[in-house]
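Undergrad: Before anything else, here's the structure in question.
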Amino acid sequence: MISWALETETTELTRRKIAIFWLPLFSTWLMMGVEGPFIAAVIARLAEAKFNLAAYGVAFSLGMFFESPIIMMLSAANVLVKDRRTYLKLRRFNILLNLLITLAMLLVLLPPVFFWLTEGLIGMPPAVARLTRQATLLLLPWPAAIGFRRFYQGILIGNHLPRRVAYGTVVRLGAMAATALLLYLFSALPGACVGTAALSVGVVMEALASRIMAGPLVRRLLAMPPAAGAKPLANRELAVFYFPLALTSLLGLAVHPMMSFFLGKGRLPIESLAVLPVVNSLAFVFRSAGLSFQEAAIALLKKGDESRRKLRQFAWLLGGASSGLLVLIAFSPAVAWWFRGVSGLSTELAALAVLPIRIFALIPALEVLLAFQRARFVVGHETSRITTATAIEVAVIALALLLAVSATSLVGVTAAALAAMSGRICARRWRR
């Protein structure tokens, strides 16, 4: 892998080289995409599946929200870590941010705060709210573990070692699956708690694996003095670069709890809350092409204007292929097989899932194109432009959900799918 990286420094970037660099990252996101359907399938086969799927969906949304300020640490480490000084600077920043996020999550988990949020704002039944809190407590290690593994994954990708990121995800998936199956077979935990416990164990193991695999690079960085004439990474420079990225993630992932709030007020609230994580899990499998492409593009865009043209062409091909595959599933009998046979949904819930996944058919293509644009802005240190576009997307989603819930008779999960598509299209058009 290192020899290939050295070769690309002096030779023309081609589709084949882009694909070779991107594929390990894609496999990483694809494996994470398998995680959601697997856990949903386990929960669907345990007692009181509808309520546990709803509780798991809300708990996972909250976990994603608290994860959001740290998730861009991968991009930051990819671009900024170059020597001992920048490594230590970003590592200290990462540790501080992880501590603050974990503390914030603990505060929200306090019973008065949590039940005001779930019962008061979302309108969840008390029994489901209590189940959601139990599941969310088991997600407490999640944000900090994400922060540590994203930091070391960014260093691996920045040094053209994306395969090691994929190896870490194999560890995560294996630990998650083993935990879920053991709890399914030998514990009396509710399904929602089985799901979140498995997620936490998986991501903690992945963080440890990422640190071990980045060990040789870390030792090299610690022995590497700054380049002659290089300016220190000032706190203000780090804040200007990172906080727009953090705000972007915060806004983007805030969509999940926001949707839970509107679904709780809409038509068929418990059914919609149960179906949404299953629909999102299937869509995520195909979105993984775009999510992985962003980091590949950040690493490869450092090679000049010609690389931009090649990466743009690759993005269009990749977007068309990923959406095309989702269309084949969503508009064929395979969709019923997936939701009933694989996901284990009841006939009622499976029927509710079909229209939303069809609405999501263009999401994978939009994800790839937006990933390419974000990569350009990150490499150009124009991260505030990403934040503005994401704010527009979230505002459109909120407005669309409000109108759909208050002025139409749409089932909540269908309204959520339409709102998500509307927001993503607006973000894409603004960034052009």
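Just so you know, all these numbers are worked out from the coordinates, no wet-lab data involved. Predicted model only: the values in this text are computed from it and were never measured. FYI the Cβ positions are ideal-geometry reconstructions off the backbone, even for glycines, and counts take in every protein chain you see.
Undergrad: Counting pairs on different chains as well as pairs 8 or more places apart, how many Lys pairs in the chain have Cα atoms under 27 Å apart?
TA: 15
Undergrad: Which whole DSSP H helices in the chain pass both tests: a Cα extent of 27 Å or more along the axis and a mean Kyte-Doolittle value no lower than -1.0?
TA: Those that pass (Cα extent of 27 Å or more, hydropathy at least -1.0) are 15-44, 84-108, 162-186, 191-213, 269-300, 305-330, 383-407, 412-431.
Undergrad: If you don't mind, there's one more thing I want to ask. What do the square roots of 5 times the Cα gyration tensor eigenvalues come to for the stretch 74-227, in whole Å, largest first, as semi-axes of the equivalent ellipsoid?
TA: Square roots of five times the eigenvalues give 35, 20, 10 Å.
Undergrad: Then there's this: Please compute the modelled spin-label separation between T408 and A223, points set 7 Å along Cα→Cβ, answer in nm with one decimal.
TA: Calculated label separation equals 6.1 nm.
Undergrad: Given a 10 angstrom Cα cut-off, can you work out which residue in S406, S272, S384 is the most mobile in a GNM of the chain?
TA: The residue with the greatest mean-square fluctuation here is S406.
Undergrad: For R267, list long-range residues whose amide hydrogen, built 1.01 Å from N in the peptide plane, is under 5 Å from its own amide hydrogen.
TA: G412
Undergrad: Counting each DSSP H run of 4 or more residues in the chain as -39500 (n - 2.57), what helix-only mean residue ellipticity at 222 nm follows after dividing by all residues, to the nearest 500 deg cm²/dmol?
TA: Computed mean residue ellipticity for the chain: -27000 deg cm²/dmol.
Undergrad: In addition: Note down the magnitude of the dipole of the stretch 113-219 about its Cα centre, charges +1 on Lys and Arg C-beta and -1 on Asp and Glu C-beta and zero elsewhere, to the nearest 20 debye.
TA: 400
Undergrad: Let me ask you something else. Would you mind ranking I298, I270, I39 so that the residue whose beta carbon has the fewest other beta carbons within 10 Å leads the list?
TA: I270, I298, I39
Undergrad: Next question. Would you compute the Debye intensity of the stretch 380-432 from its alpha-carbon atoms alone, equal scatterers and no solvent, and pass along log10 I(q)/I(0) at q = 0.19, 0.20, 0.27, 0.29 Å⁻¹ to two decimals?
TA: For the stretch 380-432 at q = 0.19, 0.20, 0.27, 0.29 Å⁻¹, log10 I(q)/I(0) is -0.61, -0.65, -0.94, -1.01.
Undergrad: Let me ask another. Can you pull the three principal axis extents for the Cα set of the stretch 2-431, in Å, largest first?
TA: 63, 41, 38
Undergrad: Output the relative contact order of the chain, whole-number percent, from Cα pairs under 8 angstrom with separation of 6+ residues.
TA: Once normalised by length, the contact order is 24 percent.
Undergrad: Would you report the distance distribution of C-alpha pairs in the stretch 112-159 as whole percents per 10 angstrom bin, up to the bin with the largest distance?
TA: With a bin width of 10 Å, the distribution comes to 24, 31, 21, 17, 8.
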